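The values are calculated or read from the model by the stated rules, or taken from the named source; none is laboratory data. What you see is a predicted model; the values in this text were computed from it and never measured. Every residue, glycine as well, gets a Cβ built from its backbone with ideal geometry; the counts of neighbours run over all protein chains shown. We work out accessible area using only protein heavy atoms, side chains counted, and drop any ligands, DNA or RNA first. Shrake-Rupley method; radii C 1.70, N 1.55, O 1.52, S 1.80 Å.
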Amino acid sequence: MTGGTLFVECLKAQGIEVIFGLPGNHLDTVYEALYTNQENIHHYVTRHEGGTAFMADGYARATGEVGVCMTVPGPGSNNASIGICEAFTACSPVLWITGQNPSFLADKDPRKSFHGLDQKTAFAPMTKHIEIVHTVDQIPGAVNRAFRELRSGRPGPVLIELATDALQTETELLIPSRNNGIQTVANQADIDTAVDLIRKSERPLIISGSGINHTRATDEILQFAQILDAPIAMTGMGKGSIPEDSPYSIGLFRDSVAQSALNASDLIVAIGTRFTYRDTGNWSLKIPQPLIHIEADVNEIHKEYRTEVGIGANPKLVLRQLNDTLKEEKISCGWGEGLRELRRQLSSIEPPQILKEMRDVMPRDAILTVDVNITGYSALSHFPTYAAGSYIFSGISVAMGIGLTAAIGAQVGFPDRKVVALCGDGGFLMNSPDLATAVMYNLPVVSIVMNDNQYTSIERGQLRRFGTKIGVELVNPDFVQFAESFGAIGLYVDDPADFRPTFEKALSLDKPVVLEVVK
């Protein structure tokens, strides 16, 4: 078999079933192998490499499995980098495969080579790990190490670069078995210290971060909250980690209800969070002590806040350790009616009408991807979600263009669930060519496009700062005709009273739909 076939066989052994890619000459041998493995690995051709990476990210976040994207080097990988940067800041397990010129050109100046780019230097700041493959015998080890990194600790994107001659060489090398990564647990001394702090507390507050989503630890954190009778506040990237109708959910950590709980608490148990700028007001927020911090990336312990007990281990496994130790305890917490009052405060907050109607119409297990737009900003607090991977947005890098493409990736992961992208007009057009991808594979993603013919969030900042605006006004297409030109269905709403029935229709069609909402 060729190195290309060997590489595909290694991916199969790691459980990969889906690849989002845009082919090119560097990777022809891989595509030849994919052609003969279409029953095992489904390849989705995209219209732009930026969308390719966003799709892999959306697939990874929705499913909890590794998402895979594949690009040619140089312009292809540069196009993909915006989606890879998003996956890096969101800590999403994305395997990025790219080609490279033959290995005998490795010492030549890449600025003078075909598709030339020193990809290791260019992309090291936005990847967790990089493997450069020059020879065919390096392929099995490179894939094995890549998946170890993807499945160990806090995830992040991993790049494998493949030289064309390595892919073309004949070989009979063995295929490594699946690598499930390294899953670390807490040492018993730290568990004992944490349990002692919990025993002494009366009003513990639990913070649920993205690590709960990554490890799918919803059951474990809910059991922990039940034992303590303690409220759970989700970070932005932790949204979806617990059902928001749980009696322990008090919404987003940065919102008013959770902040009042923070001020009243006497112990913080932060699980799977890095204390990002968005949740902490650029780290101006004071976190009460003592703080127990459980986080897969040990380098995050003590990084932003002083920690009484810091546990650098898998959040799901640590929660199991804590629950096993605590479940026989007679914990007496002081929240009592206070927890119920926090829930009442949360339920009294009225969401924007369009978000309320979206939530009423969408099934409980529906997936919402949110592009960068004003309505989307409100969705973080006001669109309740009920399962890990059901809310996907760009919470840190704030990358426009994620809405449609991440929704496509999520729809591929869950073909039988409803998937909706909430977009602004500017963000939607950034990756709108991949509407063709949804049409080509009959992926019934519904894209809501909030159209006000401008970059509204930027406009508002300019008006506050200097009283006028520049560079924010847009000329948009007729989005209904735009959608229909791709073979999708276009719908239009300019009266708020018409939104709900039109959205219901969009979800019922089981075809790609663009629903333009004129603001």
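At q = 0.18 Å⁻¹ the log10 of I(q)/I(0) for the stretch 328-374 amounts to -0.79, computed by Debye summation with a single uniform scatterer per C-alpha, solvent ignored. Partner lysines whose Cα lies under 19 Å from the Cα of Lys200, excluding those fewer than 8 positions away in the same chain, are identified as Lys327, Lys330. Classified by the C-alpha gyration tensor, the stretch 71-177 has an oblate form. Its axis ratio a/c, with a ≥ b ≥ c, is 1.5 or above, and a/b does not exceed b/c.
Working from label points 7 Å from Cα in the Cα-to-Cβ sense, the Arg465 to Ser397 distance is 2.3 nm. The simple Förster model, with R0 at 25 Å and r as the Cβ-Cβ distance, assigns Arg148 and Asn282 a FRET efficiency of 0.15.
Over the chain, the fraction of Cα-Cα pairs per 10 Å bin, rounded to whole percents and listed from the shortest bin up, is 4, 19, 27, 24, 18, 7, 1, 0. Taking each residue as 0.36 nm, the span from Asp365 to Val45 lengthens on full extension beyond its C-alpha to C-alpha distance by 112.5 nm.
A Förster radius of 56 Å, combined with the Cβ-Cβ distance separating Gln259 from Thr121, puts the computed FRET efficiency at roughly 0.85. Please give the Cα centre distance for the stretch 58-107 versus the stretch 13-35, rounded to the nearest Å. Each part reduced to its Cα centre gives a spacing of 13 Å.
What would the Debye equation give as log₁₀ I(q)/I(0) for the stretch 391-519 at q = 0.13, 0.15, 0.18, 0.19 Å⁻¹, counting only Cα atoms as equal point scatterers? The computed values of log10 I(q)/I(0) come out as -0.54, -0.70, -0.97, -1.06. Computing FRET efficiency as 1/(1 + (r/R0)^6) for Gln168 and Ser508, where r is the C-beta to C-beta distance and R0 is 51 Å, gives about 0.55. Translational diffusion of the stretch 103-228, estimated by Stokes-Einstein from the Kirkwood radius over alpha carbon pairs at 37 °C in a medium of 0.692 mPa s, is 176 µm² per second. The slack between Phe104 and Asp245, meaning 0.36 nm per residue of separation minus the straight C-alpha distance, is 44.8 nm. Here the stretch 124-166 and the stretch 240-259 have alpha carbon centers that stand 37 Å from each other. Rounded to the nearest 500, the helix-only mean residue ellipticity at 222 nm of the chain stands at -11500 deg cm²/dmol, with each DSSP H run of n ≥ 4 adding -39,500 (n - 2.57). When you count the other C-beta atoms within 10 angstrom of each residue and take the mean per peptide, 172-182, 260-270 line up highest first as 260-270, 172-182.
Dipole magnitude for the chain: computed about the Cα centre from +1 point charges on Lys and Arg Cβ and -1 point charges on Asp and Glu Cβ, it is near 1040 debye. Projecting label points 7 angstrom from Cα along Cα→Cβ for Asn187 and Lys519 puts them 5.3 nm apart.
Which residues in the stretch 200-220 place their backbone N less than 17 Å from a point set 7 Å from the Cα of Gln226 along the Cα-to-Cβ direction? 217-220, by backbone N distance to the label point. Taking 0.36 nm per residue of separation and subtracting the current Cα-Cα distance, fully stretching the chain between Tyr35 and Val475 would add 154.2 nm. From the alpha carbon centroid of the stretch 446-519 to that of the stretch 312-360 is 35 Å. Need the list of lysines near Lys519 for cross-linking: C-alpha distance under 22 angstrom, and skip anything on the same chain fewer than eight residues off. The qualifying lysines are Lys356, Lys469, Lys505.
Selection among Ile198, Val517, Ala399 by position relative to the dipole of the chain gives Ile198 as farthest towards the positive end (Cβ unit charges, Cα centre). Of the solvent-accessible surface of the chain, computed with a 1.4 Å probe and all protein chains present, 50% belongs to carbon and sulfur. Label sites at His129 and Lys303, each approximated as a point 7 angstrom past Cα along Cα to Cβ, lie 1.8 nm apart.
Using Cα pairs under 8 angstrom and six or more residues apart, how large is the relative contact order of the stretch 10-91, in percent?
Once divided by the residue count of the stretch 10-91, the mean separation gives 36 percent.
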